[in-house]
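Right, one structure below, let's go through it.
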Amino acid sequence: MFSLIRFTPPRHAIRRVKKSLLQRSATKVAVAAPIVSAAVVVTDNGELAPHVHAAHAGLRTTSADQLRVELWSAVRQLAATTTTTAPTTTTTAGPWGQMIAAATRAPHATGPAPARPAAAPARPAAPPAPPVVFAARGPHTARTIPLGVFTAGGYSSGAASFAAQTGTHPQLLSEYLNGVNGWSAMDGAAGAGGWRASGNRLVIGVPIIPGGTGGTLAAGASGAYNAYFVTLAQNLVSAGAGDSILRLGWEFNGGWYLWSVHNTTDAADFAAYFRNIVDAMRSVPGQSFQFVWNPNGDGPTAYPPAQAYPGSAYVDFIGSDVYDNCWCSAMTPQNAWDAQLTQPWGLDWLASFSAQVGRPIAFPEWGLSRRSDGHGMGDDPYFVDQFAAWITQSDVAWTSYFNADPSGQSDAITDGSFPLALAAFVRDFG
């Protein structure tokens, strides 16, 4: 009964300029009402199509007729920090175009916050989900670590199919709030009750600066947006999702979101803003939220990661999003995995930082990758086996597989593209 605009979320598959999109022919995505999953492509005729990430610094993945619009991205960052072999284009018609226009504003554009929308009428609370036991600090295996999934097909046709094909029992469902249409669309959390009714606990990406708001990290750090997050918390509690796991400003260390952190000043503002959001949401009766501090796994930065950390009193999980991509000189499974370990925000850093701050690790997004530019490792059972071994040996509380398959990119392990990796997944996680 709830409709959902499912924009296939942060598909870190073409991961390094992440949140850029590849164009494909106009194809409608099932539209039903929001929680909105992370991103869409706007095609020339104004329809929506699932997105695929472009490569990190240098737009390694796309040609001029492929690269389109990343609704969640700061398109200005791509233009300012990357080089392509051909010009890129965007479409600005309709409400999605308005979001793009908002995304291309200067990084610190200012503007008053929009007026608060009228309070929605109280809704009956959905039944609570069964508790998820995060036992990372005791003996655990890849099978016993709670598993989540994001699917383009929703719970009944997507997550249930994923469970059947992998022999797993996902306890978490990943979704994203609407970051396209301003504060009221974000904090309204429309659709949360429908997803919550599945009985699974929600993991929700929270766009802390929605498009069209002119918001800044500095204003968030000052407390200017606290009221929106009180409203968000109230709406989630009302929908029966007061126990959701919230990824505030996920992948902040990349250059593709309006909340991206580019320097030490931004890092301090992000940390302060994160604290303000947590305090605001914890003030709402009936909530039991947990919060993920969630950088991107392959995002080198000009500032130390610790400068953007809000403090362990405000963080429940240290998150990272990991996809099987490689820009190695020799693209072998072993070299690709070594890069996952040793890159600046890679797994070696992650384990060390988690131990330093005393918070367990989570992987809100991870997956295989077959990419049109050739930098995805494809049907790679080695990646699945190594990931399973790493989380078994580390302080990992939960993971969530990104099982979606937009045009130009494949991550869905159940789509037939990864038979060897699927067998490894069933063996390791099933």
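The values are calculated or read from the model by the stated rules, or taken from the named source; none is laboratory data. None of these values were measured; they are calculated from a predicted model. Don't worry about glycine lacking a Cβ; one is built from the backbone with ideal geometry, like all the others, and counts go over all protein chains shown. Quick note on the areas: whole protein, heavy atoms, side chains included, nothing else; ligands and nucleic acids left out. Shrake-Rupley method; radii C 1.70, N 1.55, O 1.52, S 1.80 Å.
Overview of values
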| read-out | value |
| --- | --- |
| Nonlocal amide H pairs with SER400, under 5 Å, H built at 1.01 Å | GLY148, PHE363, GLU365, TRP366 |
| Pairwise centroid distance, computed over Cα atoms, of the stretch 156-230 with the stretch 361-424, Å | 22 |
| Under 5 Å, built H, 5+ apart or other chain: amide partners of SER369 | ASP324, MET377, GLY378 |
| Residue order for TYR176, TYR382 - accessible surface, 1.4 angstrom probe, largest first | TYR382, TYR176 |
| Karplus (6.51, -1.76, 1.60) ³J(HN,Hα), θ = phi - 60°, over the stretch 345-350, in Hz, Gly and Pro reported as x | 10, x, 5, 4, 4, 4 |
| Accessible surface of the stretch 210-280 [probe 1.4 Å, protein heavy atoms]: carbon and sulfur percent | 49 |
| Phi to ³J(HN,Hα) by Karplus 6.51 cos²θ - 1.76 cosθ + 1.60 over the stretch 148-153, Hz, x for Gly, Pro | x, 8, 10, 9, 6, x |
| Among 328-337, 292-301, 310-319, the order from most to least packed when residues are scored by Cβ within 10 Å on average | 292-301, 310-319, 328-337 |
| GLU251 long-range amide H proximity, modeled H, under 5 Å | ASN294, ASN296 |
| In order through the stretch 378-390: 3J(HN,Hα) via Karplus (6.51 cos²θ - 1.76 cosθ + 1.60), integer Hz, x for Gly, Pro | x, 6, 10, x, 4, 4, 4, 5, 5, 4, 4, 5, 5 |
